[in-house]
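Visitor: One structure, pasted below without further comment.
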Amino acid sequence: MTKKRILSGMRPTGKLHIGHYVGALENWIALQNEYESYHLIADYHVLTTDLATDEIYNNTIDMVIDWLATGLDHEKSPFFRQSQIKEHTELFLIFSMLITKARLERNPTLKEQARDLNIENVIYGHLGYPVLQAADILLYKGEAVPVGEDQVPHVEITREIARRFNNQYGNVFPEPEALLTNFARLPGLDGDSKMSKSLGNTILLSDEPDVVNQKLRKAVTDPQKVRKNDPGRPEICLVFTYHKKFNPPDVPEIETNCRSGALGCVECKTRCAAKINQFLEPIIEKRKYYENNIDIVKNILHEGETKAKSVAETTMNEVRQKMKLG
Ligand code: TRP
């Protein structure tokens, strides 16, 4: 039986945080044996919201180091930048003929992003974000796409484009499914939003123990629990969510003692930081190895791009043939 093919992707925003791990990477790592995976670095997609390109390459390298350090296996699954494989732009152009402007304007992810980032006038490329994503997925004939909730509309648009192409020119593409990541989004250290770089509420996968301790110390907890003995409400506390993820065996005891007031926030946070540090220790160690051997990282990317390129070329030839474009 041939393995099903996965296409997963991330925009290169630099060093990753534990929210990226919980929300995406952990899932990618779990899936890499069961599926044939391709891991795309969406360095063109970055331009939809930020035109500055100076940091994209460094951010890419930082992100690839985190991928490697957490256990994504580049030998099983190529890592590659969409900007290095011209077929992405070519297929993007063809796909942009197969979807209406009105359909793209209905995309809820775009609306949310425009609202969050205060964008009044959406650029053409931003409207076309899901069309480029469809090209990313379908160039590799991805059958499954591991994503969070916010990306489901993009996978839906990809399916529509695949269907439209197949009807118009003949069968080339599968209709990919979204594989929803099961763990909910990890809250940020400020407690009321998800962990996100732009909000500055993250714990990085590269944070050393003293940094993690300090960040945890400042984390927001239940505002009604002012003194140690006050009863707390773990269900609204982000530190409790972190315990659930990084310290499951102690969760029932922490829950009881937080509620009764026997456990104070200071101790609870110290214990949480210790568990997160335990989780990060091997990642930081591997990170250091790659940081000291950047050539290895660049090589991994180069190899991945060579492999991805040959798949992309094959698909593009098929597309041109079906379309009778020479
Ligand atoms: N839009 C995705 C995100 O912001 C990144 C992405 C680009 C992607 N191309 C992709 C994800 C292809 C999956 C498949 O998270």
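Visitor: Find all pairs meeting these conditions: Cβ atoms under 7 angstrom apart; at least six residues apart or on different chains; first residue within the stretch 80-101 and free of Cβ contacts under 8 Å to residues at least 40 places away in the same chain; second residue in a loop (DSSP other than H, G, I, E, B).
Guide: As it stands, the answer is SER96/GLY128, since those pairs meet every condition given.
Visitor: If you don't mind, there's one more thing I want to ask. Would you pick out the residues in the stretch 290-302 that are out of contact with any strand residue (DSSP E or B) (no Cβ under 9 Å at 6 or more places or on another chain) and touching a residue at least 24 places away in the same chain (Cβ under 8 Å)?
Guide: Within the stretch 290-302, TYR290, GLU291, ILE294, VAL297, LYS298 meet the criteria.
Visitor: Turning to a different aspect of this structure: How about the stretch 97-122: which of its residues are over 24 Å from TYR169 (Cβ atoms) and either more than 19 Å from the chain's Cα centre (by Cα) or assigned to a loop (DSSP other than H, G, I, E, B) (or both)? So that I can check it myself, show each step before the final result.
Guide: In the first step, residues of the stretch 97-122 are kept if they are over 24 Å from TYR169 (Cβ atoms); the result is 105-122.
Result: GLU105, ARG106, ASN107, LYS111, ALA114, ARG115, LEU117, ASN118, ILE119, GLU120, ASN121, VAL122.
Visitor: Could you check, for the stretch 68-78, whether at least one of its residues is part of a helix (DSSP H, G or I), more than 14 Å from the chain's Cα centre (by Cα) and within 16 Å of the ligand (Cβ to nearest atom)?
Guide: no
Visitor: Mind checking which residues of the stretch 31-55 are crowded, with 20+ Cβ neighbours inside 10 Å and more than 16 Å from the chain's Cα centre (by Cα)?
Guide: Hits for the stretch 31-55 are TYR35, THR48.
Visitor: Can you name the residue in the stretch 145-167 that is among the aliphatic types (A, V, I, L, M) and within 10 Å of the ligand (Cβ to nearest atom) and is also nearest to LYS322 (Cα to Cα) among such residues? Let's see the steps before the verdict.
Guide: Our first condition is that a residue be among the aliphatic types (A, V, I, L, M); within the stretch 145-167, this holds for 145, 147, 152, 155, 157, 161-162.
Those left that are additionally within 10 Å of the ligand (Cβ to nearest atom): 145, 147, 155.
Numbers: VAL145: 25, VAL147: 30, VAL155: 23 Å.
Only one residue tops the list, namely VAL155.
Visitor: Inspect all residues belonging to the stretch 147-156 and state whether any of them is farther than 30 Å from ILE236 by Cβ and under 15 Å from the mean Cα position of the chain (by Cα).
Guide: Step one: filter the stretch 147-156 for residues farther than 30 Å from ILE236 by Cβ, giving 154-156.
From what is left, the residues that are under 15 Å from the mean Cα position of the chain (by Cα) are 154-155.
Yes, that holds for at least one residue.
Visitor: Looking at SER206, SER198, SER193, which one is crowded, with 16+ Cβ neighbours inside 10 Å and of a type in the set (Gly, Ala, Ser)? Even if it seems obvious, please write down each step before you answer.
Guide: Numbers: SER198 fails: crowded, with 16+ Cβ neighbours inside 10 Å; SER193 fails: crowded, with 16+ Cβ neighbours inside 10 Å.
Residue meeting the stated conditions: SER206.
Visitor: If you go through the stretch 1-43, how many residues are within 9 Å of the ligand (Cβ to nearest atom) and assigned to a loop (DSSP other than H, G, I, E, B)?
Guide: Total satisfying the criteria: 2.
Just so you know, all these numbers are worked out from the coordinates, no wet-lab data involved. Predicted, not measured: the structure shown is a model, and the values here were computed from it. Please note: Cβ atoms are built from the backbone with ideal geometry, for glycine as well, and neighbour counts cover all protein chains shown.
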